[in-house]
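Here's the structure, in structure tokens; my notes come after.
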Amino acid sequence: MKPMKRILITGANGFTGRYLLQYFMQQKTYELFATSNSTDKYPTQGYEYQRLDLTESGNVIAYIQKIQPDVIIHTAAISGIPQCEENPSQAYSVNVEAVKTIGTVAKKLAIHFIQLSTDFVFDGKREIPYTEEDIPAPINEYGKTKLEAEQWIQKHLTHYAIARVAVVYGKPKDGQHTNIVEIIQSKLSNNEELHLVSDQWRTPTYVGDICQGIHLLIEKEEKGIFHICGSELFSIYELGLYIAKLLGKDSCLIHPEISNSAFNAIPRPPFTALSNAKAKDILGYNTTTIYDYLVEFRV
Ligand SMILES: NC(=O)C1=CN([C@@H]2O[C@H](COP(=O)(O)OP(=O)(O)OC[C@H]3O[C@@H](n4cnc5c(N)ncnc54)[C@H](OP(=O)(O)O)[C@@H]3O)[C@@H](O)[C@H]2O)C=CC1
Ligand SMILES: Cc1cn([C@H]2C[C@H](O)[C@@H](COP(=O)(O)OP(=O)(O)O[C@H]3O[C@@H](C)C(=O)[C@@H](O)[C@H]3O)O2)c(=O)[nH]c1=O
């Protein structure tokens, strides 16, 4: 019998990282290792956990050499856009330097390296979805760090995949950050007013689809960049109106806003729709819709 693949998931206390850990535990065909910057916030059976600050390169190298994974799914990051603007050196250290540390060990030990990246590598100045071939040009600190990490990986590694995701949604656990789909749903349910930008267009990604996409990347060992995102394109304001319609809630609660210094002040790219055609064609990737999530899954 073939030995089980050993997968290491970084950022395992984070929203996407924990979903991935639970998803691969359910497969029952992988040996799982999980790390995060703090102690295990949601301990269960089925994986080995190690607290690890990824900016401490010596400890990172020693740990990876010790557990010898076949695959590393690297989700850990400073993902808060404001945090990256306020502390760019911290963002650089985690989002770029740590990738170089892990990537260098991955190369030495022939580990399959999978990096989570973002639509924010683009400047958002166009009107049709970006493909993997389009030239990135980030406009904020977060996007710049994520692009530099992508470029380092492409230059130095051969056994890798970069999964670009966007506006990830799903049910967060206590202590994890929430997301815009949850915010809209919860405010509408409580009859609270919502202010949503009408000039930022996105292809929101269900977190379960990221698990599926990464599973396919691991099994097919396809190299390169893949847009692992949803297939629906909305402005955030349109997303709010659509969710109100699906839930039978009053759309008058939703107010459109233009991104400016008073609302949503940090520069964010206006149009970052990602085309997922490559992932569908090459990997057989399928997507969940907002309707599936809110109505079929009845979350
Ligand atoms: N959320 C989104 O909408 C999007 C996310 N992405 C990308 O997807 C990935 C996952 O994002 P998301 O689920 O939001 O992540 P979270 O922000 O929920 O989690 C990030 C995790 O990174 C860990 N971390 C931060 N700094 C360090 C460090 N120095 N050493 C070790 N671990 C550290 C944190 O650990 P701890 O909690 O233990 O402190 C945290 O659990 C990221 O790479 C992000 O850039 C891309 C596009 C959209
Ligand atoms: C909370 C809130 C957000 N928004 C908008 C702003 C933005 O376009 C969208 C999502 O807002 P957020 O604050 O979640 O995140 P934002 O910082 O824009 O999201 C980004 O996060 C990083 C990690 C990424 O990589 C990107 O893909 C993207 O998802 O919703 C409103 O219009 N009103 C609101 O009250």
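Measure up 144/173; 100/146; 187/245; 100/223; 155/280 against 22 Å on the Cα-Cα distance and list the ones that go over.
Values: 144/173 29 Å; 100/146 12 Å; 187/245 14 Å; 100/223 18 Å; 155/280 25 Å.
Violating the 22 Å limit, Cα to Cα: 144/173; 155/280.
In units of 2.2 N^0.38 Å, what is the alpha-carbon radius of gyration of the range 165-231?
On the way: Rg = 14.9 Å, N = 67, 2.2 N^0.38 = 10.9 Å.
Scaled against compact globular proteins, the figure is 1.37.
Rounded to whole Å, give me the distance from the Cα center of the range 165-214 to that of the range 17-78.
If you average the Cα positions of each part, the centres end up 25 Å apart.
Evaluated at 4 °C with a viscosity of 1.567 mPa s, what Stokes-Einstein diffusion coefficient in µm²/s does the range 1-43 have when Rh comes from the Kirkwood expression over alpha-carbon pairs? Mind dumping the intermediate values first?
On the way: Rh = 10.7 Å.
Rounded to a whole number, D works out at 121 µm²/s.
Determine the order of 259, 235 by accessible area, beginning with the largest, at a probe radius of 1.4 Å. Let's see the in-between values first.
Values: 259 40, 235 5 Å².
Highest to lowest solvent-accessible surface, that is 259, 235.
Who wins for biggest fluctuation among 211, 229, 252 in a Gaussian network model of the chain, springs between alpha carbons below 10 Å?
The residue with the greatest mean-square fluctuation here is 252.
May I ask for the percentage of alpha-carbon pairs in the range 1-94 that lie more than 24 Å from each other?
On the way: 989 of 4371 pairs.
More than 24 Å apart: 23 percent of the Cα pairs in the range 1-94.
Please list 246, 21 in order of solvent-accessible area, largest first, computed with a 1.4 Å probe with all protein chains present. Intermediate values should be presented prior to the final figure.
Numbers: 246 45, 21 0 Å².
Descending accessible area places them as 246, 21.
Would you work out the Kirkwood radius for the range 215-266? I mean one over the mean of 1/r across all pairs of different Cα atoms, in Å.
On the way: mean 1/r = 0.0690 Å⁻¹.
For the range 215-266, the Kirkwood estimate is 14.5 Å.
Under Stokes-Einstein, with the Kirkwood radius over Cα pairs standing in for Rh, what whole-number D in µm²/s applies to the range 70-178 at 20 °C and 1.002 mPa s?
Details: Rh = 14.7 Å.
Approximately 146 µm²/s, per Stokes-Einstein.
Accessible area per residue for the chain in Å², computed with a 1.4 Å probe and the full protein assembly in place, what is it? Intermediate results must be reported in sequence, preceding the final value.
On the way: 13450 Å² over 299 residues.
Per-residue value: 45 Å².
Bin all alpha-carbon pair distances of the chain at 5 Å intervals from 0 and give each bin's fraction as a whole percent.
Pair shares across the bins are 1, 5, 12, 16, 19, 18, 13, 9, 5, 2, 1, 0, 0.
With all protein chains present, how much of the accessible area of the range 71-127 (probe radius 1.4 Å) comes from carbon and sulfur, to the nearest whole percent? The partial results should precede the final answer.
Working: 1050 of 2120 Å².
Accessible surface attributable to carbon and sulfur in the range 71-127 totals 50 percent.
Please report, to two decimal places, log10 I(q)/I(0) for the range 225-299 at q = 0.21 Å⁻¹ as given by the Debye formula with identical point scatterers on the Cα atoms and no solvent.
Here log10 of I(q) over I(0) equals -1.04.
Going by amide H atoms built from the backbone, whose H comes under 5 Å of the H on residue 137, apart from near neighbours?
122, 123
Pull up all non-local amide H partners of residue 194: gap of 5 or more, or a different chain, and H-to-H distance under 5 Å with H placed in the peptide plane.
254, 255
Pick from 260, 276, 140: which is most flexible by mean-square fluctuation in a GNM of the chain where alpha carbon atoms under 10 Å apart are linked?
Looking only at 260, 276, 140, the largest GNM fluctuation is found for 260.
Between beta-carbons, use under 13 Å as the cut-off and find the net charge around residue 127, counting Lys and Arg +1, Asp and Glu -1. Can you show the working numbers first?
Details: positive: 125, 126; negative: 123, 134, 199.
Neighbour charge sum, excluding residue 127 itself: -1.
The values are calculated or read from the model by the stated rules, or taken from the named source; none is laboratory data. Predicted model, so just to flag it, every value in this text is computed and none were measured. Every residue, glycine among them, receives a Cβ derived from its backbone with ideal geometry; neighbour counts consider all protein chains shown. Areas reflect the complete protein model, heavy atoms only, side chains present, ligands, DNA and RNA absent. Shrake-Rupley method; radii C 1.70, N 1.55, O 1.52, S 1.80 Å.
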